[in-house]
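The values are calculated or read from the model by the stated rules, or taken from the named source; none is laboratory data. Being a predicted model, the structure only gives us computed values, none of them experimental. Neighbour counts run over all protein chains shown; Cβ positions are idealised from the backbone, glycine included. Keep in mind that these areas ignore ligands, DNA and RNA; they rest on the heavy atoms of the full protein, side chains included. Shrake-Rupley method; radii C 1.70, N 1.55, O 1.52, S 1.80 Å.
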Amino acid sequence: MGPEPGPGLALLSAESYFGRGVSSPERLLERAAALGHTHLVLTDWQSLTGGVRLFRKAKEVGVVPLLGAGLLLKTPEGTFPVRLLAASREGYAALSAHLTRVLAEGALPLEALLRENQDLVLLTGGREGFPSRLLAERRLSALNRLLKALKEAFRDRLFLSLYHDRLPGDARRARVLRALAQDRGLPYVAALEVRMAEGDLYPLLDALTCVRLGIGVETPHPERPRNEAWALPSREEALKRLPFPEAWANARALAETIAFPLLPERLLDPPVPLPPGETPMGLLRRLAWAALEARYPGKPQYAKRLEEELATVEALGLPGFFLLAREVARFARSRGILAVARGSAVGSLLAHLLDLTPVDPVREGLLFERFLHGGMKALPDIDLDLGSRRRREVIRHLEETFGAREAMAAAYVTYRLPLALQDLGRALGLPAPLRRRLTRQLGRDFRHLSPHRAQEAEPLLREVLGESPAKGLLLHLLSRMEKGQVRHLMPHVGGVVLAPGPLHRYAPLVRSSGGIQMITLDKDDLEALGLVKLDLLGLRMLSALERAREEVLRTEGVYLDLEALPQEEGVYRPLWRGETLGVFQLESPAQTAMSRKLRPKSLQDLAHQIALVRPGPIQSGTVRPYLERRLGQRGPGRLHPTLEAILGKTFGVILFQEQLLRLLHHGAGLDWAEAEAFRKALSKAKDPEDLLPLRERLLEGLKARLGLSGEEAEAVWRMVEGFRGYGFTESHALAFARHAYASLWLKAHYPAEFLAALLAEAPGMWPPATLRQEARRLGVPILPLSINHSGLYPRVERVEGKKGIRLPLTAAKGVSEEAARAILRERLLGPFRSLADFRARLDPTQDLLLALVRAGAFDELLPRREALFQAGLPGGGLLPLEEKAPPLPPLGLGERLFLDLEAQGLSALPLHPMDLLRGLLEELGATPIPLLEAGPARTAGLVVARQKPPTAKGYAFFVLEDGPHRLQAVIPPEVWEEHYAPLRDGEALLVEGLYRGGSLRVEKVWPLPLRGLQEPQSL
Amino acid sequence: MRRLLDTWRAGGRWWLGEEGRDYFLLEVAGGLVLEVFREGERWVLSRVLD
């Protein structure tokens, strides 16, 4: 090892925000590069999560990345932090396996490390490391024993690390450690601790350390930073603190020796169980051809397409991926769980033949190349939608089948302003009510703001904190956070990852609090490591469809095949009238308006409609030309025959991603891989400069290939530029169209069962009280919650020959499924005769009893006020169980309505809160929503939805409800500004503005008082 | 001053607006050990150690 360090240093002990640091791996690398350093070792505490990002960024900045981790080592002499560095891909795998154990047990036993340390380098750690600690405790023989054991196992891969945190005595400690190393003949390295890119991040690092430790800034703790010393140092600063050139030279030499490439060249096909003697590709071929023969015999275009798809899958080496998806779908269906592929996979005939999707891509003209092509760099996605209620069963099955080779992907939870305010506010000692006010104050406008842009929310913070120092401090800390600052990891909603071998070789695994086995990398980072993921997405609508099917089976004895429902025009008709509530993907106000205009009557119409009301088509001005041509208000534009073949079925506009790819391929002559890269670049382009090369490429291609004039090519470019790739894939839209049709069909034929399922699963955007109004409109009675009749879920009950929906015990807020089950078990022994009987038999907590009583569960047995009186008495002990209530007036209808809404979110009463305001509204000159006519209008309603999408240029969209009628209120930015408080807080609003085309452009707003009003005249 | 024995830095209570301080441990003539820190342009004596 050379005696002098080169001009750039190797920093061996850096931590990012994936460990105990405050900066991203990328930021640390940038800083290291700016200071001229050559190597950066990321050694996050108990984590390898930052590795992929480190290696990716390193290529760009020219610093050599290395990976390690800090962990606790449990030895006979005590438990100490050490740092392990990976010296190869095998070393990385060993480290990852060790960390998996540490995450489960808290520390790594010394024996495990002595046994498994191939290609691992051990650094003895800093202030809390065993050399410093044992020396300070004067336990020299213990130190000798430990060094000897480690030396025997690690040989020349054990290094004493020198540190200096600018604390009293650090210079002396460094000298002592160096002397110790020289005395024992051990190599030593300079290893200054790094936890932030720059020194001025010290307050933020300290505050976030307090957050991590769960303490306030006034509470001392040894893990807190005590100054700016953990900033990434310059060479000058580093050599000043550790003035031992040979220790820096050793660090550099070590880094040069152990550097290795982390990111692999190819994808790793997941494992699948195979019959003896069968290969994955052989099995896939056999299954696919057998399905083709059975379903599409004598159709050469299908055979040709299948041959092409199989060849692509073989070339990419991914047959296991398909077999795995098939296995998952088969398992789900065998348990009665709906499982349907979505996304680009639906464009694959192979996926269709393997029963992953009912969509026939050849008949629908879908594009396989959007899903898979030979030049593919990114992994294909197979996204399987499963009924959300039972998704866990499928995941459990995978865990049982694949064991250590399977885990859920992680999602990196990044800071948004509300969470950052909560965390930092707590650390700074702001009381909880004040923090809640701060979060509420952010409202819709700033909820999604990244903390580093907190200054934009300064006026709102000022409203709560005034000009107190806390405001300035919070703003300063927030402004220093990075965009995308990661707070913690949680299991991804659907990404399941499988590897050919144990997954802990790729990244540490951990059991999440929900008991799910999670790999500590997100899906992009997993993909970068070559791992294939399958997205098992829980779709509540599928659960609702399953549940409705179960209810139909129970009430009618009919089992519905939801994937093969007959096409009926009558099923589509409610859409034409705007009756969309509960219909998958079509129940938003925008889709409702579109349903009235488009009057869909086929699955393809539904697919077009679903794709049309999306940011891409809306922003690119696609909607109007599509509508006008579809409705015959404008003639078809003149298109080149090649473009006509691609865009003809969508009336000359780009609606789907596949169309964009085809246009690029057939129109501009790009191969499929180039076309896909073009689409991705287009969707990621942020500035006009990013678009320039794409524009040139397209114009050139269109001219050369199709001979388009400059103007014609420009027109195509404008369409492409507008689309930006934000749209759906056609295959995805078709998959969703089928779910939408199934929901329409069930609503038309079995409204009670369907609404019961919607209430149980809440798959859509509307609250239960709105679904209740829809039941009222459809003439489906809602039966009140009853301690003797309600079950666990809303269920259809026949009352006097008519189907109604019985509210479940769990509708009462505060009644858990577990508590409801206990009640149901007790009820098997006989109905409850009184509240006292219930109390005596179940001994419920008072909270549970009150929750049930408030929601009216005992209304059948005694008036609710009396029940509340009894439930309020302390139970058990020496006091009598039943005390006669004093005379109490019965609940008025209005009182009962609001009590129901509070206690269970909806009411069995056929009444809407606005019914209580009828007299007042008449006096105020408000027209009821269903009677509105085009022109200036004043109306009122309960606010049931508030949206302020970031893409809407400051506009907000509210939905006001009056009984079963709803109105979209469009609130321009100036009105939002002027009436901010009632818009933010008002439960019901009186609004004035211009009514046109089913929505009201609001000009004035008044809050309406809902509570304490007169009783309705009648029901 | 006879010799500089040690230096360190205290980040200070940043949440109260305190600046960080550089501390110095000095041995002066007569064997007296002083702990001092810089505050702006002036030196402040923090402790005297026997």
>> Testing residue A:597 on (1) modelled with pLDDT under 90; (2) open to solvent by 50 Å² or more (accessible area, probe 1.4 Å); (3) not hydroxyl-bearing (Ser, Thr, Tyr), one condition comes back false. Which one is that?
In response: (1)
> Taking the stated definitions as given, is residue A:803 of a type in the set (Lys, Arg) and under 17 Å from residue A:756 (Cα atoms)?
Replying inline: yes
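Results for (1) modelled with pLDDT under 95; (2) open to solvent by 40 Å² or more (accessible area, probe 1.4 Å), shown as yes or no for each residue.
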position: A:842; (1), (2): yes, yes
position: A:858; (1), (2): no, no
position: A:864; (1), (2): yes, no
position: A:870; (1), (2): yes, no
position: A:878; (1), (2): yes, yes
> Condition test on residue A:660, is it open to solvent by less than 30 Å² (accessible area, probe 1.4 Å), under 32 Å from the mean Cα position of the chain (by Cα) and touching a residue at least 60 places away in the same chain (Cβ under 8 Å)?
Replying inline: yes
> What tally of residues in segment A:228-257 results from selecting those that are more than 12 Å from chain B (Cβ to nearest Cβ), aliphatic (A, V, I, L, M), under 19 Å from residue A:167 (Cα atoms) and in a helix (DSSP H, G or I)?
Replying inline: 2
> Take the residues of segment A:522-541 that are assigned to a strand (DSSP E or B) and of a type in the set (D, E, K, R): which is farthest from the chain's Cα centre (by Cα)?
Replying inline: A:533
> Tell me, which helices (runs of 4 or more DSSP H) lie completely within segment A:131-227 with 2 or more residues that are away from chain B (no Cβ under 14 Å) and touching a helix residue (DSSP H, G or I) at 6+ places or on another chain (Cβ under 9 Å)?
Replying inline: A:140-154, A:170-184
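Table: residues versus (1) among the β-branched types (Val, Ile, Thr); (2) without any contact (Cβ under 8 Å) to a residue 60 or more places away in the chain; (3) farther than 17 Å from residue A:12 by Cα.
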| residue | (1), (2), (3) |
| --- | --- |
| A:181 | no, yes, yes |
| A:195 | no, no, no |
| A:201 | no, no, yes |
| A:206 | no, yes, yes |
| A:215 | yes, no, yes |
| A:231 | no, yes, no |
| A:237 | no, yes, no |
| A:245 | no, no, no |
>> Tell me whether segment A:908-926 contains one or more residues that are farther than 18 Å from residue A:1007 by Cα, charged (D, E, K, R) and buried (at least 17 other Cβ atoms within 10 Å of the Cβ).
In response: no
> Before we move on, is residue A:833 open to solvent by 70 Å² or more (accessible area, probe 1.4 Å) and either assigned to a helix (DSSP H, G or I) or of a type in the set (Phe, Trp, Tyr) (or both)?
Replying inline: no
> Tell me, which residue of segment A:688-707 that is open to solvent by 70 Å² or more (accessible area, probe 1.4 Å) and over 25 Å from residue A:638 (Cβ atoms) is modelled with the lowest pLDDT?
Replying inline: A:688
> Within the group A:480, A:487, A:440, which residue is basic (Lys, Arg) and without any contact (Cβ under 8 Å) to a residue 24 or more places away in the chain?
Replying inline: A:440
> Can you tell me which residues in segment A:121-130 are part of a strand (DSSP E or B) and of a type in the set (Val, Ile, Thr)?
Replying inline: A:121
> Taking segment A:53-73 as the region of interest, how many residues are in contact (Cβ under 8 Å) with a residue 40 or more places away in the chain and among the basic types (Lys, Arg)?
Replying inline: 2
>> Let me confirm something: among A:314, A:369, A:364, which residue is under 29 Å from residue A:678 (Cα atoms), modelled with pLDDT of 85 or more and open to solvent by 10 Å² or more (accessible area, probe 1.4 Å)?
In response: A:314
> Taking residue A:209 and the conditions (1) open to solvent by less than 10 Å² (accessible area, probe 1.4 Å); (2) farther than 21 Å from residue A:488 by Cβ, which numbered condition does it fall short on, given that it satisfies the others?
Replying inline: (2)
> So, in segment A:111-134, of the ones that are closer than 12 Å to residue A:77 by Cα and among the hydrophobic types (A, V, I, L, M, F, W, C), which residue ends up surrounded by the most Cβ atoms within 10 Å (Cβ to Cβ)?
Replying inline: A:130
> So which residues in segment A:59-115 are part of a strand (DSSP E or B), closer than 30 Å to residue A:9 by Cα and of a type in the set (A, V, I, L, M)?
Replying inline: A:64, A:66, A:67, A:69, A:71, A:72, A:73, A:82, A:84, A:85, A:86
>> residue A:679 - would you say it is of a type in the set (Lys, Arg), modelled with pLDDT of 90 or more, closer than 21 Å to residue A:621 by Cβ and open to solvent by 10 Å² or more (accessible area, probe 1.4 Å)?
In response: no
>> The conditions are (1) within 9 Å of chain A (Cβ to nearest Cβ); (2) closer than 29 Å to residue A:468 by Cβ, and residue B:8 fails exactly one of them. Which is it?
In response: (2)
> Which of the residues belonging to segment A:54-79 are open to solvent by less than 50 Å² (accessible area, probe 1.4 Å) and not hydrophobic (A, V, I, L, M, F, W, C)?
Replying inline: A:57, A:65, A:68, A:70, A:75, A:77, A:78
>> Can you tell me which of (1) over 15 Å from residue A:168 (Cα atoms); (2) surrounded by 17 or more Cβ atoms within 10 Å (Cβ to Cβ); (3) more than 12 Å from chain A (Cβ to nearest Cβ) is the one residue B:14 doesn't meet?
In response: (3)
>> List the residue pairs whose Cβ atoms are under 7 Å apart, where the first residue sits in segment A:666-678 and is at positive phi, the second is of a type in the set (D, E, K, R), and the two are 6 or more positions apart or on different chains.
In response: A:669/A:705
> Within the bounds of segment A:611-630, is there any residue that is crowded, with 16+ Cβ neighbours inside 10 Å, farther than 30 Å from residue A:394 by Cβ and of a type in the set (Lys, Arg)?
Replying inline: yes
>> Any residue at all in segment A:84-98 that's under 27 Å from the mean Cα position of the chain (by Cα) and surrounded by 22 or more Cβ atoms within 10 Å (Cβ to Cβ)?
In response: yes
